[in-house]
1. Pairs of Cα atoms under 8 Å, at least six residues apart: use those to get the relative contact order of segment 54-186, whole percent.
2. Per DSSP H run of n ≥ 4, the term is -39500 (n - 2.57); total these for the chain, divide by its residue number, and report the mean residue ellipticity at 222 nm rounded to 500 deg cm²/dmol.
3. Once you charge only the Cβ atoms, +1 for Lys and Arg and -1 for Asp and Glu, what is the size of the charge dipole of the chain about its Cα centre, to the nearest 20 debye?
4. Give the dimensionless ratio obtained when the Cα radius of gyration of segment 22-103 is divided by 2.2 N^0.38 Å.
5. Can you compute 3J(HN,Hα) from phi for each residue in segment 353-358, using the Karplus curve 6.51 cos²θ - 1.76 cosθ + 1.60 with θ = phi - 60°, rounded to whole Hz and x for Gly and Pro?
6. Please order GLU219, GLU236 by the number of other Cβ within 10 Å, starting at the fewest.
7. I'd like the FRET efficiency for MET227 and ASN376, computed as 1/(1 + (r/R0)^6) with the beta carbon distance as r and R0 of 30 Å, rounded to 0.05.
8. If you average the C-alpha positions of segment 64-143 and of segment 181-198 separately, how far apart do those two centres end up, in angstrom?
Amino acid sequence: MKNVCVIGLGYIGLPTASMLADKGFNVSGVDVRDDIINTINEGNIHIEEPGLKDLVKSVVISGNLKAYNKPIPSDVFIIAVPTPVKQGKKACLDYVEAAAKSIVDVLKPGNLVILESTSPPETTKDFLVPILEKSGLKIGEELFVAYCPEKVLPGKIIYELVNNKRIIGGINEKSAQMAKEIYSSFVEGEIYLTDTVTAEMVKIMENTYRDVNIALANELAKISCKMGINAWEVIELANLHPRVNIHHPGPGVGGHCISVDPWFIVEKNPNLAQLINQARNTNDSMPEFTYKMISDAVNDIPNPKITLLGLTYKPDIDDTRESPSIEIAEMIRKNPRMTLSIHDPHVKKSSGLNDLEAALKDSDCIVLAVNHSEFNALDPAVVGKLVRSKIIIDTRNSLNSSEWENIGFEYILLGKGLPLEFCKEKQLACYN
Ligand code: SAJ
């Protein structure tokens, strides 16, 4: 099994393809976008991920990785395409379907097909296999099929690809064993074998665990605001308990994983997945909660200019998918009283963003939506000279409050209540 074809050259497919190429496999990468194919074949990358650029460059130069616009006959096919949610919170399997159909004609006896895309339980056996059967090959005897979910954290992909433990679900044992052989070429973490439905559920439950835990923290943040206490302090002190690990509140849960995957369980079990459903809704309510904090903070300024710092879904990456910042920006834009400027050093300026100075100039309220390292290094004294009103909202508990307060800023922390009397007097929405 020397030739591997990876379909989908995004955040997961490209690092996986490069890793296999680095281990000596002859890898063909397939993508539907010509610009991505050209970029990769020039030894460059189209996404921001530490360590990836050097890896891609070296495997393209060595000739072990080449990008194409359609699959070529290989021993192993790895499908790593997006599975977003569509209207009605149902999984969109269109890309998986297209990828599977695109390989049917090149499949040969002895081939192995691996699905990596996060998918609702039963997708491999009930959705992928029927498409692959059109090749005429007998599944489990002539054509082997496995599900091997990716688990890597954007920002740490290269390290985690090598070091994380992996779960592989096979349509039968031989399929799982064959997939294990491929992954053990670069995975140093332990590899566990199971069936496909269990592997699909494991993947989704990992992200659902985090979503539910973050929802708990966000609910606590709302309660703390109302009660005039600091949720961050509550969490820090509660987490001193050896068996407690409450996650962090924030402006919402973004990315294409944690904010999406729990819906795949709800979709299949609408009556049973009550807690999971509620957690999703709680986390989805946070952009509006943040927007209300902003409205409150500027409710006595006639035409406030709001500066949103950070558009990505988490720090030090360039990924804006499902980002709560985008929703907050939309709400600000819809308010005719407010003007908005956005700065994000990780997102291309062509997306209508401002540079830092222009974004801060004459601002009435700075909202730290993403804790990029660049923002932690901001000098409050320099910022104080640019703005019109000294108000800063920290949605990530990432700034040093006293440094900002010393310069005269009103520092507002998401999850920390203002004194109750003050809220009542100003009729602040999110504290009522
Ligand atoms: N967030 C909070 N509070 C927290 C932690 C995160 O509000 O305490 C927010 C972040 O700001 C972000 C979102 O949640 O908007 C998700 O961020 P994340 O860093 O927790 O996770 P992802 O989506 O980047 O990556 C997750 C990872 N899954 C787990 O940690 C269980 C990663 O390992 C998976 O490979 C990835 O999903 C995926 O592709 O499924």
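1. After rounding, I find 20 percent.
2. After summing the helix terms and dividing by residue count, I get -11500 deg cm²/dmol.
3. 440
4. 1.23
5. 8, 9, 7, 4, 5, 5
6. By the 10 Å Cβ count, ascending: GLU236, GLU219.
7. E(calc), rounded to 0.05, equals 0.60.
8. 18
Any read-out appearing in this document is the output of simple, stated calculations on the displayed coordinates, not a laboratory observation. Model, not experiment: these values are computed from the prediction. Note: ideal-geometry Cβ built from the backbone for every residue, glycine included; neighbour counts use all protein chains shown.
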